[in-house]
Amino acid sequence: MSRVMDALQSLKKRMDLDPERISGSPAVYQFHVSGEEGGTFQVRLENQQAEISEGTPYKPDCTLEMSAEHLIQLIKGKLNPTTAFMMGKLKVNGSLQTAGDFENSTVCERAMFREAAAETVEEVTQGPTRLNICQSKRIFLLELSL
């Protein structure tokens with residue numbers, strides 16, 4: 001499996017953890033990904049479920065074009081979608097509103113970490129390391145203070 005498909009599958013898993021975030025209108029987002037691991041991928045959001053497909057099985061509501069590396073960074077929360085768009089790293093064909101809805105409905109790692117910090121149920125500190133345990137999101141936030 002390619003790094004792009006791995007990243008999209010991890011995105012799907014995060015969306016599955018919080019289906020209310022994708023409870024809005026059904027939509028199909030198509031990604032034209034350039035580079036060695038490029039291709040065409042779709043994320044379909046419907047009935048509080050996310051489906052990842054390679055190719056074009058559905059009619060897209062919005063098409064996003066970017067390199068494989070930028071898509072992976074975006075999914076990992078290391079690249080802000082709005083910044084990527086403004087810098088030309090992300091091109092949008094179709095509704096900018098729909099593209100913005102994708103940013104809001106996808107559970108990027110950075111947003112989950114902020115939520116986890118706010119909903120910490122247990123905090124373990126040992127030396128410069130702090131681990132926040134958050135049951136409702138089933139994630140852990142590890143902070144190193146150097």
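What the table below lists for this structure:
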quantity: Complete set of residues in region 11-34 that are within 20 Å of LEU90 (Cα to Cα) and loosely packed, with under 15 Cβ neighbours inside 10 Å; calculated: SER34
quantity: Conditions (1) at pLDDT 95 or above; (2) in contact with a Ser or Thr (Cβ under 9 Å, 6 or more places away or on another chain); number of the one not met by PRO57; calculated: (2)
quantity: LYS59 within 22 Å of LEU96 (Cα to Cα) and surrounded by fewer than 14 Cβ atoms within 10 Å (Cβ to Cβ); calculated: yes
quantity: Any hit, region 18-26, residues being basic (Lys, Arg), in the same structural domain as VAL92 (by TED's automatic domain parsing) and either under 16 Å from the mean Cα position of the chain (by Cα) or farther than 22 Å from GLN97 by Cβ (or both); calculated: yes
quantity: Some residue of region 34-48 being among the polar types (S, T, N, Q) and at positive phi; calculated: yes
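Residue-by-condition table, conditions (1) closer than 18 Å to ARG44 by Cβ; (2) at pLDDT 75 or above; (3) surrounded by 12 or more Cβ atoms within 10 Å (Cβ to Cβ):
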{"position": "PHE85", "(1), (2), (3)": "no, yes, yes"}
{"position": "LYS89", "(1), (2), (3)": "no, yes, yes"}
{"position": "VAL92", "(1), (2), (3)": "yes, yes, yes"}
{"position": "ASP101", "(1), (2), (3)": "yes, no, yes"}
{"position": "THR106", "(1), (2), (3)": "yes, no, yes"}
{"position": "ALA111", "(1), (2), (3)": "no, no, yes"}
{"position": "THR129", "(1), (2), (3)": "no, no, no"}
{"position": "CYS134", "(1), (2), (3)": "no, no, yes"}
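The values are calculated or read from the model by the stated rules, or taken from the named source; none is laboratory data. Bear in mind that the values here come from a model prediction, so they are computed numbers and not experimental data. Backbone-built Cβ (ideal geometry, glycine too); neighbour counts: all protein chains shown.
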